[in-house]
Each structure stands twice: as structure tokens, then as C-alpha cells.
Amino acid sequence: MGEGTHGTAGGGHGAGDGRTTDGPGGARDLGRGGGQDGDGGGGHDGGRARAARRDAAVRAAVERGLLGPGAPLAGLLDVTGIRESAAALREAFAAVAAPGTPVLHAFAVKAAPLVPVVRLLAAEGIGAEVASPGELALARAAGVPAGRTVLDSPAKTPEELREALALGVAVNADNPQELRRLDALVAEREGRSPGREGRSPLGLRINPQVGGGSIEALSTATATSKFGVALRDEGAREWVVRAFLDRPWLTRLHTHTGSQGIPPALMAEGVRAVHALAEEINARAGQRRVDTLDIGGGLPVNFASEETSPTYGAYARALREAVPGLFDGRYGLVTEFGRSLLAKEGTLVARVEYAKSAGGRRIAVTHAGAQVAARTVYAPASWPLRIAAYDGAGRPKRGPEVVQDVAGPACFAGDLLAAARPLPPLEQGDYAAALDTGAYYFAHHYAYNSLARPGVYGYTADAAGGVSFATVREPQTVAEIVAESGGALADALVDAARAATAAPGDGTG
């Protein structure tokens, strides 16, 4: 993985050396900063550039009041890093695919469900993968065209399917019962406007049952995974082939082996299984019935250092080696990356409200805990985060490290961002920054203790250290918390109780 970067570039300054279960990936930088590239970029030089931009942004956020006593928590997103990450993804697959191969890279909106983020990625040539009516609405609000949107979910309602087909959004059915729903909806669609252009591409999700990774909850290709049609179950393969032979409108296969904790080699094995299935279906049909393979996302992120590893370039080359026919131009391709696009471009910064000690252990009590880092708090062995220390002016703290806990504000003992972590001493008024939190962290609020959602700000930094901010999401106010918690309905239950008392036995209330 490489060691954490220290020194004036700001890659570490007490960032610790959190662990990861994912294998390393080679790296060379193209001189574009912190991104990855087709040759496996995002190495130490890129990491230093990213860290330097982050340090400048933290200091500027403090100077401009985005962080401070009245704003003790904020999420920061590196706009330059996001753009470089998107470019690296496009370039990696373009380098291995035959010229003219249709490729849609669809961002997994669940990773950062923020409209300005989805809009920025759309401007960088990235579509949207959505898994709920809310995510579809976010993608539409961001201006993502229906033709660049894919709907995946194991629990789509008839109304969700009907909306997707009306819009022309691609749909991957999860199971035989959903496919039967689509049968009826497709017949309904054909009856209204047969052969119309812009119809939704329709596919079927396959669980290749190739096994899991180091995090069971994110392993979606196990023998008993809830996702897709279990390909190795008795009779399943023949059922899938027959489903395609009987439905000329079914033209895609979809798979997703898992996310963090899944080795790229296992991801490639899942893709190989689905490619082989597509070849079998097309051979049995005597024509190209399957024309597109949606290979999901799931590239793991290195949370142990600044290095981007594994890279999109390394993964694309591994796919080409494992599944040579994937890139020969006979199949269109769809990817659904999320965490790997955004994680290393985000930083969660929390003010240290108090510094104390207990049992000889220093404790920095901050404003970041379970409400913005639920995975790390509840499963720290699987989701360790690097922590960087900044002083009250937002400057990186240096000097001797001491073992300390970095605690959150929630009212339970395990609310810790980091335990027994060597860091420069965090004092009252300092800042603790949780690194690599651009995906699945501050964008996913958990309203424990009715703690407010933090503001989220995108930043760009120039070579001279100047920083510009753009508001991505306003900080939540206490009034908004009350409103979302039924504030306007305060008397609803009291009134119901009174009505029940006044009319005993009358169930209508």
C-alpha cells in the first residue's frame, strides 16, 4: 500500500496508518495531481498533490468561517480530484476497449447522493446508476439523461418499473418475479407505441456465486446473496438462457461481485462467468441477443495511505487478461463505480470541543461520530480511517505523537472515529480530519441524537494556494430537524388519545 505521506505536502501529519484488507496496486503519476490513470496513476506524487490541496482547503475553511465554533463539522470535496478520477476511469477503459465500443460509466449515486456531485460527474462524461425512486429523482435533478441512467434494485415496485420504462431508463431485473412484472409492462408499452425509439434497455442481474471478500455485508456474489439470479443453483442457468430466448427485448446481463473487501481478481472472475453466459445465450439464439454487459463497480479503495490503489487502469487490464472477449467490440459495456470515484476526494473535518483523559488515555471529543461515519464507528476493523490533525487555524499539526482516542458527540461509549491512534496531541479548538470520506460518509447522515447534517463544500485550489468554495449542501438547522421530526404534527398523538378516550370502542377515532 505504501506508507502514509508526511512532511510539507500534508499527506499525513498524524494521519496514522489505518489498515485495509485490499491488495496493493502499482502506480505512476501522469502529473495531473491525485487521480488515477490507464497506467495505474495516483501514486505518491498524485497523493502529495491531493494532500496539498486538502491542507489549503482546511485552512481556508477555518479562515472563512465554514469551520469554527459555530460550524464545528463540515464535509469538503476536492473538485479537481473528482474530475481527475472521472477522467482516469474513462481513459482506463478506452485504453483496452476496441474502437467504437459503446461504454457507459454510471456513477453509483448511493455513494454520494448529492445533486451537485452527480451534476459534476455528468459534466465529466459519467452517467448515473440509481437504486430507488429518490436516487432516480436526484439523477434527473442533476440533468443526467435517461439514456445514461441505469436502475438497479432488488425491490422495485410496479410503479418504479413503469416510471423507468416511461422515461427510457435502463432497467436490470433482479429475479424471475420481477421479470414477469416486466413482461406485463413491456406488453402494455408495445400496445401503446410499438417499436418506438428511446425505449428502455432491459437486462437481468446474475449472481455468479464466485464467493465473497473480507467484508461479508458487501459481498454480493456469495452462494446465498440476496441479489440477482443465483447462476449455479440447480436449473438456474437453463432458466436464464430460456428467459432470453423467449424475450427478444431482454438484451443485457448485469453482475456486481461486491464492493470494499473484494479482490479485483474475484471481481474479474464474476465478469468472466457472465461473459461466458452471454456467449452461450447468443449461440443458442443464433444471433446476438445479449448486446451489452453491465459489469457493476466495486473497485476497492486503499484507506491506508494517500496512494490510489488499485487503479482503474490496473483493473481494466486485469479484465482484458481474464476475459479477452469483453473488449473486442461485440458487447457494449456499463460500469457502476461509486466509492472508488469519490472516497479519496472527500474529507470530514471536525472541531475538537474538549480534550480530556481517562485511565491514562487522551481523548479528543469532536463533533464527528456515528452520525457521519456509521460504518467506522460500528465496524472499525473493516472501516478504519486515517485521521489528520490540524491546529485551531487549520494548519497541519506536527511534532511528537501521543496515543489518543478521537471521539464523536453521540451518547454511547463506542462513538469513536479512531481508538488508541498515535497523533500529534489534539487540543481544544483544534480540528481532526477523517480522510478518504468522499463516499458513504458525510453524505449519508444518521440522525442519532438528532445531530444536524453538516454542510458540504466543494473546493478548488490554485498553484499559489488560493482556494475557492462552492456550497454543495447547506448545514441543517435546528428548525429543520424539528420540522422533519413532526414538529407541525406535535398534537397528533395527543389528539388521537383524546379522541379514543371520548369514544371508547370506536376504532375510527
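Of all residues in segment 60-98, those being assigned to a helix (DSSP H, G or I), out of contact with any Ser or Thr (no Cβ under 9 Å at 6 or more places or on another chain) and buried (at least 21 other Cβ atoms within 10 Å of the Cβ) number 6. Restricting attention to segment 286-295, the residues that are out of contact with any helix residue (DSSP H, G or I) (no Cβ under 8 Å at 6 or more places or on another chain) and open to solvent by less than 10 Å² (accessible area, probe 1.4 Å) total 1. Note on segment 114-157: residues that are in contact (Cβ under 8 Å) with a residue 60 or more places away in the chain, crowded, with 19+ Cβ neighbours inside 10 Å, of a type outside the set (D, E, K, R) and within 20 Å of Gly298 (Cα to Cα) amount to 5. One residue stands out in segment 362-402 among those that are in contact with a helix residue (DSSP H, G or I) (Cβ under 8 Å, 6 or more places away or on another chain) and hydroxyl-bearing (Ser, Thr, Tyr): the one that is most open to solvent (accessible area, probe 1.4 Å), namely Ser382.
State all residues of segment 241-269 that are under 19 Å from Leu185 (Cα atoms) and in a helix (DSSP H, G or I); if no residue qualifies, say none.
Pass one, segment 241-269, residues under 19 Å from Leu185 (Cα atoms): 243-252.
Correct list: Ala243, Phe244, Leu245, Asp246.
Flag set for Leu138, criterion: at pLDDT 95 or above, under 26 Å from Leu185 (Cβ atoms), in a helix (DSSP H, G or I) and not aromatic (Phe, Trp, Tyr). Total residues in segment 314-344 satisfying the condition of being open to solvent by less than 10 Å² (accessible area, probe 1.4 Å) and either closer than 30 Å to Tyr457 by Cβ or part of a loop (DSSP other than H, G, I, E, B) (or both): the figure is 8.
Would you tally the residues in segment 345-379 being outside any helix (DSSP H, G or I), within 22 Å of the chain's Cα centre (by Cα), at pLDDT 95 or above and not β-branched (Val, Ile, Thr)? First the steps, then the outcome.
Let us first name the residues in segment 345-379 that are outside any helix (DSSP H, G or I), namely 346-373, 379.
Adding the requirement that they be within 22 Å of the chain's Cα centre (by Cα) leaves 346-350, 368-373, 379.
Next cut, at pLDDT 95 or above only: 346-350, 368-373.
Then drop every residue that is not not β-branched (Val, Ile, Thr), which leaves 346, 348, 350, 368-371, 373.
Selection size over segment 345-379: 8.
In segment 473-509, how many residues are at pLDDT below 95 and not in a helix (DSSP H, G or I)? Matching residues across segment 473-509 total 7. Those residues that are in a helix (DSSP H, G or I) and either modelled with pLDDT under 85 or exposed (fewer than 14 other Cβ atoms within 10 Å of the Cβ) (or both), I need them from segment 203-238; list them, please. Scanning segment 203-238 gives Glu216, Ala217, Leu218, Glu238. If you filter segment 239-250 down to residues that are open to solvent by 30 Å² or more (accessible area, probe 1.4 Å) and in contact (Cβ under 8 Å) with a residue 24 or more places away in the chain, you find that the one that is nearest to the chain's Cα centre (by Cα) is Trp249. Take the residues in segment 251-264 that are among the hydroxyl-bearing types (Ser, Thr, Tyr) and at pLDDT below 90; name whichever of them is surrounded by the most Cβ atoms within 10 Å (Cβ to Cβ). Checking each candidate, the answer is Thr257.
If you filter segment 403-415 down to residues that are surrounded by fewer than 24 Cβ atoms within 10 Å (Cβ to Cβ) and farther than 15 Å from Ser357 by Cβ, you find that the one that is nearest to the chain's Cα centre (by Cα) is Asp415. The condition (being over 30 Å from Ala108 (Cβ atoms) and in contact with a strand residue (DSSP E or B) (Cβ under 9 Å, 6 or more places away or on another chain)) is satisfied by just one residue among Glu353, Glu345, Glu336: Glu353. Taken as a whole, the structure leaves Leu341 outside the set of residues that are at pLDDT below 95 and more than 17 Å from Leu253 (Cβ to Cβ).
If you check Val334 against the conditions, is it of a type in the set (A, V, I, L, M) and out of contact with any Gly (no Cβ under 7 Å at 6 or more places or on another chain)?
yes
Scanning segment 270-313 for residues that are of a type in the set (Lys, Arg), in contact with a Leu (Cβ under 8 Å, 6 or more places away or on another chain) and in a loop (DSSP other than H, G, I, E, B) yields one hit, Arg289.
Candidates are the residues of segment 380-407 that are acidic (Asp, Glu) and part of a loop (DSSP other than H, G, I, E, B); the one that is farthest from Gly429 (Cα to Cα) is Glu401.
The values are calculated or read from the model by the stated rules, or taken from the named source; none is laboratory data. Note that the structure is predicted; figures quoted are calculated from it, not measured. Cβ coordinates were reconstructed from backbone atoms using ideal geometry, including for glycine residues, and neighbour counts include every protein chain displayed. Just the protein is used for accessible areas: all its heavy atoms, side chains included, with ligands, DNA and RNA removed. Shrake-Rupley method; radii C 1.70, N 1.55, O 1.52, S 1.80 Å.
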